[in-house]
Amino acid sequence: MEKVVLSRIPPDDGKLLGVQSQHGTAADKFTSAFLKSSLPQLTDEAVKDVLLRRAVVLQYAGRKKARGKKTKAKGLNAKERRELKVFQLKPEHQKYELFLPLHELWKQYITDLCNGLKPGSNPQTIQQKLLKADFHGAVLSVVRSKCPSYVGTTGILVQELKHVFKIITKEDRLKTIPKRNSVFSVEVGDFITHIYGSKFELRSSERSAKKFKVKGTIDL
């Protein structure tokens, strides 16, 4: 003979949970109504079959959130950057001495890039590395130009754009020098190299991935 063990919720727990222990016919009715509401997809016979043969685990199934399309943050376009003056250096920041630490960092960077710049270094190897180097912080001098007023201008490169170099002079003046039709000199330790601006009309990020020809014509 099978024994059925019935347990009741203690009165104190019942008050805390807000429920009342049921037994007998009332308990059967409550259980039947609860299962119908919890398992609407099953018939009465299927519910009885499940209860007789296996345990039923009732759990709360949260609503699935509708997946919305993720919008990627859009960057500023060229027009918006010009309107916001992103590339313009404020007058109070146009001080030569402010960029001297940048120049010192650039010298260390270029020395490491060229493996020490030793006297016995191969000039062609150094030249190939300089073609793809970042020149922000370098001291540039205009040695030749189709515009005579640019010749002799010297300063620290503070910004390189596709078509121009922006340098700050010792007189705390910001100069914009077009790359085209200009030749610049750069001192790297005991080496002096020349940059032909017409061949440098690329952004610094694009130049680092560009393959330069070993030989070519050089014109102003």
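The numbers here are math on the coordinates, done by the rules we state, and not lab data. Fair warning: this is a prediction, and the values are worked out from it, not measured in the lab. Here the Cβ is made from the backbone with ideal geometry for all residues, glycine too, and neighbour counts use every protein chain on show.
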### Query
What ranking do 108-116, 80-88 get when scored by the average of other Cβ atoms within 10 Å per residue, highest first?
108-116, 80-88
### Task
Over all alpha-carbon pairs in segment 147-209, figure out the percentage whose distance exceeds 19 Å.
31 percent
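Multiply the residue gap between Asp49 and Gln127 by 0.36 nm, knock off their C-alpha separation, and tell me the result in nm, one decimal place. Spell out each step's value before the answer.
Values: separation 78, 0.36 × 78 = 28.08 nm, distance 8.51 nm.
Stretched fully, the Asp49-Gln127 segment lengthens by 19.6 nm.
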### Query
Using modelled amide H (1.01 Å from N, peptide plane; none on Pro or chain starts), what sits under 5 Å from the amide H of Phe165, excluding residues fewer than 5 places away?
Ile177, Lys179
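With only alpha-carbon atoms in the gyration tensor, what are the semi-axes of the equivalent ellipsoid for segment 84-212, in Å, largest first?
Numbers: eigenvalues 106, 58, 44 Å².
Three semi-axes, in Å: 23, 17, 15.
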### Query
Residue by residue, what Karplus-based ³J(HN,Hα) values in Hz, rounded to whole numbers, does segment 139-153 have, using 6.51, -1.76 and 1.60 with θ = phi - 60° and x for Gly and Pro?
8, 9, 10, 7, 9, 8, 6, 6, 9, x, 5, 7, 5, x, 5
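For a 26 Å ceiling on Cα separation, which of these pairs sit above it: Lys85/Lys166; Lys95/Lys162; Lys118/Lys146; Lys107/Lys146; Lys129/Lys166; Lys74/Lys175? Before the final figure, lay out the partial values.
On the way: Lys85/Lys166 15 Å; Lys95/Lys162 24 Å; Lys118/Lys146 35 Å; Lys107/Lys146 29 Å; Lys129/Lys166 22 Å; Lys74/Lys175 32 Å.
The pairs that break the limit, which is 26 Å between Cα atoms, are Lys118/Lys146; Lys107/Lys146; Lys74/Lys175.
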